[in-house]
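Peer 1: Let me give you the structure first, and then I'll get to my questions.
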Amino acid sequence: MSTPSPITELSNVSIRPMQEADLVEARRIFRVAFGTFIGVPDPETFAADREYILTRWRSHPGAALVAEVNGTVAGSNFATNWGSFGFFGPLTVRPDLWNQHIAQKLLGPTLDLFEKWGVREAGLYTFAQSPKHIGLYQKFGFWPRFLTSLMSKDVSRREASPVKYSTLKAGDSVHALRACRELTGSIYDGLDVTWEIRLVQEQNLGETVLLWGGDSLEAFAVCHGGEGSEAGKNNCYIKFAAVRPGPGVGDRFDHLLDGCEALAAERSWQRLVAGVNLNRSQAYRQMLQRGFRTDSQGVAMHKPDSPAYNRPDVFVLDDWR
Ligand SMILES: CC(C)(COP(=O)(O)OP(=O)(O)OC[C@H]1O[C@@H](n2cnc3c(N)ncnc32)[C@H](O)[C@@H]1OP(=O)(O)O)[C@@H](O)C(=O)NCCC(=O)NCCS
């Protein structure tokens, strides 16, 4: 029986913040790495209608890291700061350099960013079927817990007219961001996704819908739409949504999804896409009842091995991609 060849380690790998000049190659590596792993016929065209790299780098350059080998980009990773919670990805390495510890070299400084930001718990979304992925992240203290479903449904016209963040006057938008922060904090102490709301607004990637009950924010959803965003062509992708907990939460969730569908119909986006962790079991069941079906699923890994806000009573939509 032959012994497996030893994994070689490159000695000339350096990790540094991403620069504008790295973007073209980082985007190419992102597509070719995922396309190769998934096995699509032409890896360079993987997710060609979706954008993750340029948009995230623009909005938070210090949270984008590049691995460089012999002066060329070999891979990259992105950290996301949601207040007391953080996650990372997309993490990609050029396929001809796989299994030479480049991902691990990127992960150390990524976790340093979480430390610097004061993140209490961290997570990621990965391929549940891949021993390599699970083993790699376990080395850094992340543990697999529940699956996360990436779901979608056709958009139907809905009688709903939620407030749109983009239409707010300056003072009102400050108030809305504060209310969003307060709402997410009532679900998980310190959770703050206002960075996502501003990113969508500043780069014109979609819209944030807000559901008010008098002065109180009942729910909100940050939606990407169309090509050049994380949604892709003809899609409305709910990047993050949260509903105020307590009696009536299910009704509020329905109203919020009505609002997202109304927005999608108005913009001629044909499919509504959203991710939900399966330990948010009430929200997941309600999505099934509403006609959402799972397109693919991965596993959420947590550091430490505790639920964070992936709990049965939580009505949040996100997938940590
Ligand atoms: C996933 C990816 C980023 C890993 O990059 P990489 O540079 O090849 O990874 P590394 O060499 O740093 O780490 C490999 C580690 O995987 C783990 N691993 C591999 N096979 C394993 C197995 N069968 N069981 C357990 N762990 C395993 C080991 O910990 C190994 O490290 P070791 O050699 O020190 O033991 C890269 O393969 C990639 O770009 N894939 C396509 C895109 C993608 O899937 N991105 C991640 C999405 S979450």
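Here, each number is a calculation from the coordinates, and none is a lab measurement. This one's a predicted model, so the numbers in the text were calculated from it and none came from an experiment. Because the Cβ atoms are built from the backbone with ideal geometry, glycine has one as well, and the counts that use them run over all protein chains shown.
Peer 1: Where nothing but the Cβ of Lys and Arg (+1) and of Asp and Glu (-1) is charged, how large is the charge dipole of the chain around its Cα centre, in debye to the nearest 20?
Peer 2: So the dipole magnitude of the chain works out to roughly 320 debye.
Peer 1: If you plug each phi of the range 79-94 into the Karplus form 6.51 cos²θ - 1.76 cosθ + 1.60 with θ = phi - 60°, what whole-Hz ³J(HN,Hα) values come out, in order, with x for Gly and Pro?
Peer 2: Ordered by residue, 3J(HN,Hα) equals 9, 10, 9, 10, x, 6, 10, x, 9, 10, x, x, 9, 9, 10, 4 Hz.
Peer 1: Any idea which of ALA47, TYR237, PRO307 is furthest toward the positive side of the dipole for the chain, if Lys and Arg beta-carbons carry +1 and Asp and Glu beta-carbons -1?
Peer 2: It is PRO307, whose Cα lies furthest towards the positive end.
Peer 1: Also, I was wondering about something else. Which of the peptides 287-296, 119-128 is most tightly packed, and how do the rest follow, going by the mean number of other Cβ atoms within 10 Å of each residue?
Peer 2: Ranking the peptides 287-296, 119-128 by packing returns 119-128, 287-296.
Peer 1: Once you've got the GNM for the chain with C-alpha springs shorter than 10 Å, pick whichever of GLY206, GLY171, GLY232 has the biggest mean-square fluctuation.
Peer 2: GLY171
Peer 1: Shape call for the range 237-321 from the C-alpha gyration tensor, a ≥ b ≥ c root eigenvalues: rounded (a/c under 1.5), prolate (a/b greater than b/c) or oblate?
Peer 2: oblate
Peer 1: Taking the Cα centre of the range 240-321 as origin and charging only Cβ (+1 Lys, Arg; -1 Asp, Glu), how large is the dipole, in debye to the nearest 20?
Peer 2: Computed about the Cα centre, the dipole is about 120 debye.
Peer 1: For the peptides 65-77, 157-169, 217-229, what is the packing order when you average, over each peptide's residues, the other Cβ atoms within 10 Å and list the highest mean first?
Peer 2: 217-229, 65-77, 157-169
Peer 1: Also, quick follow-up: Name the long-range amide H neighbours of TRP82: under 5 Å, sequence gap of 5 or more, or other chain; modelled H, no Pro or chain starts.
Peer 2: Close amide H contacts, sequence-distant or interchain: PHE87.
Peer 1: Now for a separate question. Give a residue-ordered list of calculated ³J(HN,Hα) values for the range 101-109 (Karplus: 6.51 cos²θ - 1.76 cosθ + 1.60, θ = phi - 60°; whole Hz; x for Gly, Pro).
Peer 2: So the Karplus estimates, Gly and Pro as x, are 6, 5, 4, 5, 5, 6, 6, x, x Hz.
Peer 1: List the residues whose amide H sits under 5 Å from the amide H of SER229, counting only those 5 or more places along or on another chain, with H placed 1.01 Å from N in the peptide plane.
Peer 2: GLU51
Peer 1: Given the Cα-Cα distance of ARG28 and ASP295 and 0.36 nm per residue of separation, how much length would full extension add, in nm?
Peer 2: Taking ARG28 through ASP295 to full extension adds about 93.7 nm, to one decimal.
Peer 1: Another one. Using θ = phi - 60° and the Karplus relation 6.51 cos²θ - 1.76 cosθ + 1.60, list the HN-Hα couplings for the range 170-182 in order, rounded to whole Hz, with x at every Gly or Pro.
Peer 2: 3, x, 5, 5, 4, 4, 5, 4, 5, 5, 5, 5, 5
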